[in-house]
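Take a look at the structure below.
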Amino acid sequence: MAGNGFQASSYANDRPPSSTGSGEGDVSTDPASSGFFTSDFKKHEDLKTMLDSNKDSLKLEAMKRIIGMVAKGKDASDLFPPVVKNVVSKNLEVKKLVYVYLTRYAEEQQDLALLSISTFQRALKDPNQLIRASALRVLSSIRVSVIAPIMMLAIKEAVMDMSPYVRKTAAHAIPKLYSLDPETKDQLIEVLDRLLGDKTTLVAGSAIQAFVEICPERIDLIHKNYRKLCNLLVDVEEWGQVVILNMLTHYCRTQFVTPNQDDQQEESELPFYGSSDKDSDEDSDGEERGDGDKKKKSEKQSTYIMDPDHRLLLRQSKPLLNSRNAAVVMAVAQLYHHCAPKSEVGSVARSLIRLLRCHREIQYVVLSNIATMTNKRRGIFEPYLKSFYVRSSDPLHVKLLKLEILTSLATETNISTILREFQTYVTSSDKEFAAATIQAIGRCASSIAEVTDACLNGLVRLMSNRDEAVVAESVVVIKKLLQMRPSEHKDIITYMAKMVDKITVPMARASILWLIGEYSERVPKIAPDVLRKMAKNFVNEEDIVKLQVLNLSVKLCITNHKQTNLLCQYVLNLAKYDQNYDIRDRSRFLRQFVVTSNKPSALAKYAKKIFLATKPAPVLESHFNSHDSYQLGSLSHLLNMKATGYQDLPEWPAVAPDTSVRNVELPPVWNENREPIRGKKQKQPAADLKSFYSSSDDDDDEESSEENSDEESEKDGGSEEESDEDEESEDSSKEDSDEDSSEEESEEASSSSSSEEDSSEEDSDKDVKKPVKQSKSAKPVNINIVKEKVKVSGVGDLLLDFDDMGPPSSSSSNVAASSSMLTPVAAGSGIVVQANPAQAHSSNIVQGITVPSKTYELLNRLSTGGLTVTYKYTRTISIFSPKMVSLELTFTNAGEAPLTGVKIGEKKPQSGMEIHDFPEIASLGVGACTSVLMGINFNDTTQSAGFQLVSEQKTFSVTISAPVGELLQPRTMGETEFKSQQAKLGGMNENRESCDIVENKRTPEGICISVLSASNVLQVPSSDPEVFNFAAHTLASTSMVLISVKLSGKTAKITVNCEKMVIGTMLLKDLKKALLSPSPSS
């Protein structure tokens, strides 16, 4: 039985593999299989059954098994049809796993994946951020050029998503779309520019990776984000840090000058005869960067001052040397190696040594980079010499790298220690490592003259070693060393000639023959005998040895013709019939030099110059010198060849480019409020120059109080105050007291405002005060009272009597009383805020605008049996809660029977929403109409709030979704504050679009009416007549919302700034629609 069982299993193993690439053995060990023994060969039938079931638990279990198969590398592509059907599953966990599977196989099963495109598009608007991101990931994994436009739209929406995880996924999708359709590069760069401005650390690394892949040459996209990236560097994820550091290394090499100018100058100050050509080249480069007429001495004396942005990068990246990720540490090390001053590069040594305790793969990469660094900066690793000692457990590639580093670190002080270490390595059982050690000894001997003799003696002793590889390598190294000083080592050449019979390695025998032939004059008695022995065994030698025997015979024939002529001819005749054509050709070529005939050849005259010319000594150097041409830490550096996608590290610029490109300029807050004053300062006569030297104390006080703001305004326009010196001296004390009180009040009102804002607020107060002084100079006290009320009181207390400042608008009360009109109102009041006449004189405030309210139908009498319910937004603060939108519901009973007990029944709000009931309507008779107020907190979303309207007779389910413009509450602010807040809400919080507006809306009134009809905002004064600003904040979270419309001919440029990006995007669409639609009057 047992035998039969084993036999059956062996037959099963002999079955051919299935179409999925796995045989029966895979079925029995498959974690998704139903059992250990399977009677049939239908794979995954149980999984398909579970996926087709109606139970989410079975589907989830099946998906877990399938993902387990994918993780183990098993082929699960035949399950694509049943899996893709579950993409519409309502179970969140099942949907996540389905998306993981589709991401893996969408590229292979493109046709089936295309059938689910509509499902992916719907999932892009799912409330769950993981589903939105997974849908975009799957969509970008379908490599079909037909859906490129769909992918582009999905990416554009995803970069404006509120979730940083979705925006990160959008950044990953950008390179995929670019590889699929390179023509979309321009559009992708626009999207990428928006992502680069994202302030979220989760997005930064992915955005930079997309930048590197699609447009690394667009360095201008980095300028305005450079400082932000440096400051965010510590908080970005680890792999994002690697990408950003590599990109910033390239940026640093193009935007700053080399920080090692001083070091180069110090090297150039060596003694005259000790200066190298390199130093002179560096001096000449320094002269080109400076003025052409300056001398080298003055150039050396100039000190290098590092750019603050360059210093910022080095300072912010240094803490990352403590990272647990070896790639991050390596990225910081390459940044310092390529971009930091020489005196600061040593700070990376300790961190790199720490990485040598990691896995051998990491050790290999780190040691490769250290080997390159030691060629230029050996001093930084000298204190850690013992860290590079070879261990017996090290693999061969790590041993060779450590040997390379030890050789590079060898100096006169530590050479004895290193040579003692090398003596141990030579006895290693690993022949390749022992041979490499002998080469390292030769390099040390060639670079340090003090130990050359000792190394040569040691290598000669190694020639008696039993290991042929060690002997051969010793001979090759001795040959190279003897070329440097052959006259001093005649005994060694004699000893090596005697070793020819014992050494069997071809390369070593060839090296000895070359040495004897090259220096035959120093061993005149030994050389002919060596040639005799080699000629006797010529036929049995290796090709490389035969070539050197030919060379030896010719050289000896030239120097000792009598003794070696016959031997030379004998060797040439043997070579003439050799099997190797190289040897045959060489013998024919050499015969022309030595074989004399009646007519000697022209070459024979120059034989001695050709064969016995003095040859330069070989240079023993590290092969890592060639690696330095590649960026440290890159794959190209590791392979010492240019890999695909590698970008050469740019050279330092001779002159630093403009540093102002990295300045993110905020709008100058002093210009707006000083412009009205600029016109009135032009009237000062030339006699006022006398007051510069002989002004009164009061004038001095006044000038000191206005110094912060006037200084800038005088630089811009050079204008001066309108009023005379006499008026200023009379009212200076009053103005000083007013300024002091206003400063104290402004500090109490906003403790977080900057000094520039404070000075601009004082200037705006003076702007209000100056025109009043001209018209009503007898009432300065009233003006101060008005100013104090405006500064201290709340927004609801702005209802002041401005009789002394100008006639009020006669229509203000009527407009406020009209309930059928929508007017921009201040928070907490029902009356229009009157613009200050002084501000209205210099701004584009449009007064007296009325916008009709829009009524929405909630229930139709045809579907309810006679009940009609309409609602409109009152645009006032709700009496129930300041976070709620106030709605006025109008009930009209057009039925045949009265309705009783009308109220709100079951509520079905979305998460975070609140619904406040309206008072119950006890009875609504036939033909009766009544209005009630209710409040809904939409939580700053446009999702619908569901509830039931119930009466004792009927029940109706209704939903209300508010337009985004009705989720706002007007906010009062000045132009200075508007510009300041707008600058803070830049980047991802800013939405812009241009459109051609209809003709009848190209006026200030038309623009204001369009904006106010689409949103509940308040106009902000603007000194530019073509720019219309509006301000508000969201009800639930009080997030600032700023709208700016700039009119240029028939084109309007709309800008919406809001922390909530979804609200900003939707509001921009509504405003554009309002400006494009013709007004009812047209």
Q: Report yes if some residue within segment 681-692 is among the basic types (Lys, Arg), surrounded by 13 or more Cβ atoms within 10 Å (Cβ to Cβ), modelled with pLDDT of 65 or more and under 30 Å from residue 979 (Cβ atoms); otherwise report no.
A: no
**Q.** Only listed residue being touching an Asp or Glu at 6+ places or on another chain (Cβ under 8 Å) and at pLDDT below 90, chosen from 986, 1006, 1049, 1064
**A.** 1064
Q) Only one residue in 546, 576 is of a type in the set (Lys, Arg) and crowded, with 19+ Cβ neighbours inside 10 Å. Which one? A) 546
Q: Would you mind stating whether residue 876 is over 30 Å from residue 127 (Cβ atoms) and within 55 Å of the chain's Cα centre (by Cα)?
A: yes
Q) When you go through 581, 570 one by one, which is the residue that is touching a helix residue (DSSP H, G or I) at 6+ places or on another chain (Cβ under 8 Å), open to solvent by 60 Å² or more (accessible area, probe 1.4 Å) and of a type in the set (Phe, Trp, Tyr)? A) 570
Q.
Please go through segment 391-431 and give me each residue that is within 16 Å of residue 462 (Cα to Cα) and either aliphatic (A, V, I, L, M) or touching a residue at least 60 places away in the same chain (Cβ under 8 Å) (or both), ordered by number.
A. 419, 426
Q) Residues of segment 128-172 being in a loop (DSSP other than H, G, I, E, B) and within 21 Å of the chain's Cα centre (by Cα), which ones? A) 159, 160, 161, 162, 163
Q) Say we look at segment 214-246 and pick out the residues that are in contact (Cβ under 8 Å) with a residue 60 or more places away in the chain and part of a loop (DSSP other than H, G, I, E, B); which of these is surrounded by the fewest Cβ atoms within 10 Å (Cβ to Cβ)? A) 216
Q) Quick one: is residue 1082 open to solvent by less than 50 Å² (accessible area, probe 1.4 Å) and modelled with pLDDT under 90? A) no
Q: Pull up segment 503-526, narrow it to residues that are hydrophobic (A, V, I, L, M, F, W, C) and in a loop (DSSP other than H, G, I, E, B), then point me to the one that is nearest to the chain's Cα centre (by Cα).
A: 505
Q) residue 565: modelled with pLDDT of 85 or more and part of a helix (DSSP H, G or I), yes or no? A) no
Q: Within segment 162-204, count every residue that is without any contact (Cβ under 8 Å) to a residue 40 or more places away in the chain, farther than 23 Å from residue 125 by Cα and of a type in the set (Gly, Ala, Ser).
A: 1
Q: Take residue 825 and decide whether it is on the phi < 0 side of the Ramachandran plot, at pLDDT 50 or above and among the β-branched types (Val, Ile, Thr).
A: no
Q) Somewhere in segment 400-422, is a residue more than 24 Å from residue 345 (Cβ to Cβ), of a type in the set (Ser, Thr, Tyr) and outside any helix (DSSP H, G or I)? A) no
**Q.** 1 or more residues of a type in the set (Val, Ile, Thr), surrounded by 15 or more Cβ atoms within 10 Å (Cβ to Cβ) and touching a strand residue (DSSP E or B) at 6+ places or on another chain (Cβ under 8 Å): qualifying strands (runs of 3 or more DSSP E) within segment 900-1015
**A.** 914-916, 921-924, 929-937, 945-950, 955-960
Q.
Among the listed residues 1041, 1056, 1027, identify the single one that is hydrophobic (A, V, I, L, M, F, W, C), surrounded by fewer than 21 Cβ atoms within 10 Å (Cβ to Cβ) and in contact (Cβ under 8 Å) with a residue 60 or more places away in the chain.
A. 1027
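Here's the yes/no breakdown for (1) buried (at least 17 other Cβ atoms within 10 Å of the Cβ); (2) modelled with pLDDT under 90:
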site	(1), (2)
427	no, yes
431	no, yes
440	yes, no
443	yes, yes
451	yes, yes
459	yes, yes
464	no, yes
470	yes, yes
(Q) Regarding segment 119-136, can at least one residue be identified that is over 30 Å from residue 1058 (Cα atoms) and open to solvent by 10 Å² or more (accessible area, probe 1.4 Å)? (A) yes
Q: Could you pull out the residue among 10, 33, 39 that is surrounded by 11 or more Cβ atoms within 10 Å (Cβ to Cβ), of a type outside the set (Asp, Glu) and modelled with pLDDT under 80?
A: 33
Q: Looking for whichever is open to solvent by less than 10 Å² (accessible area, probe 1.4 Å), assigned to a helix (DSSP H, G or I), at pLDDT below 95 and not assigned by the TED database to the domain that holds residue 940 here; the options are 202, 195. Which one fits?
A: 195
Q) Only one residue in 863, 881, 853 is free of Cβ contacts under 8 Å to residues at least 12 places away in the same chain and either within 30 Å of residue 1027 (Cβ to Cβ) or not assigned by the TED database to the domain that holds residue 974 (or both). Which one? A) 863
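The values are calculated or read from the model by the stated rules, or taken from the named source; none is laboratory data. The structure displayed is predicted, hence computed values, not measured ones. Ideal geometry is used to build each Cβ from the backbone, glycine not excepted, and the neighbour counts take in all protein chains shown. Ligands, DNA and RNA are stripped out before the accessible areas are found, and what is left, the full protein with its side chains, is counted by its heavy atoms. Shrake-Rupley method; radii C 1.70, N 1.55, O 1.52, S 1.80 Å.
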